[in-house]
Amino acid sequence: MAYRTISITTDQPVQEGIASGTIYPGMALERTSTADTVQPHSVADGAVNARLVAVEDEWQGRGIATAYTAANRCFFKSFQPGDEAYMRIASGQNIAVGDELTSNGDGYLKKKVNDSSSGDMDKTVFGVALEAANCLAAAGLCRVQVA
């Protein structure tokens, strides 16, 4: 099912910052060292403590496909565990319902892959897929319950 909004179930307020680079609604974000600036989450499998997600600029009539450009205002929310969001999934991913998702290191999410290394302990789960998403050929969107 395609949604027309990123924020599906949450009562968190919209926040705003300045985009550092191109940001699409549904991307996982992180704050930068520059005041009030956000960028796509940049550490693959890394910590996503604030669970920031870019949302569409509904005040300007822009939908989920319209990107924020560098140095312009960007709207986002800090999602809480249990909230649902329509999130961007990286190209090359085939997501099933119930898959745990982590950061791809570019604002997109990917399926958490367990391996035998101790590195699994460092993988931070952003959320769980609530629907299947075949993104093998191109990046896509998926309904995610935030962890």
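A probe of 1.4 angstrom, applied to the heavy atoms of all protein chains, finds V14 with accessible area near 60 square angstrom.
For A138, the shell of other residues with beta-carbons less than 15 Å away shows a net charge of +1, using +1 for Lys and Arg and -1 for Asp and Glu.
In terms of its C-alpha gyration tensor, the range 56-136 comes out prolate, because a/c is 1.5 or above and the ratio a/b outweighs b/c. State the percentage of accessible surface on the chain attributable to carbon and sulfur atoms; use a 1.4 Å probe and exclude ligands, DNA and RNA. Result for the chain: 47 percent of the exposed heavy-atom area is carbon or sulfur. Count Lys and Arg as plus one, Asp and Glu as minus one, and take only other residues whose Cβ is under 13 Å from that of I18; the net charge is then 0.
For D83, the residues whose modelled amide H falls within less than 5 Å of its own, excluding neighbours fewer than 5 places apart on the same chain, are V146.
Positive contributions from Lys and Arg (+1) and negative ones from Asp and Glu (-1), summed over other residues with Cβ under 11 Å from the Cβ of G63, come out at -1.
Extension gain for V14-V43 works out to 8.1 nm (0.36 nm per residue, less the C-alpha to C-alpha distance).
In the context of the full set of protein chains, residues of the chain present 49 Å² of accessible surface per residue (probe radius 1.4 Å, heavy atoms only). About its Cα centre, the chain has a charge dipole of approximately 220 debye under the convention of +1 per Lys or Arg Cβ and -1 per Asp or Glu Cβ, with nothing else charged.
The values are calculated or read from the model by the stated rules, or taken from the named source; none is laboratory data. Note that the coordinates shown come from a computational prediction; the quantities given were computed from them, not determined experimentally. No Cβ is skipped: glycine too gets one built from the backbone with ideal geometry, and neighbour counts run over all protein chains shown. Side chains are part of the model used for accessible areas, which takes the heavy atoms of the whole protein and leaves out ligands, DNA and RNA. Shrake-Rupley method; radii C 1.70, N 1.55, O 1.52, S 1.80 Å.
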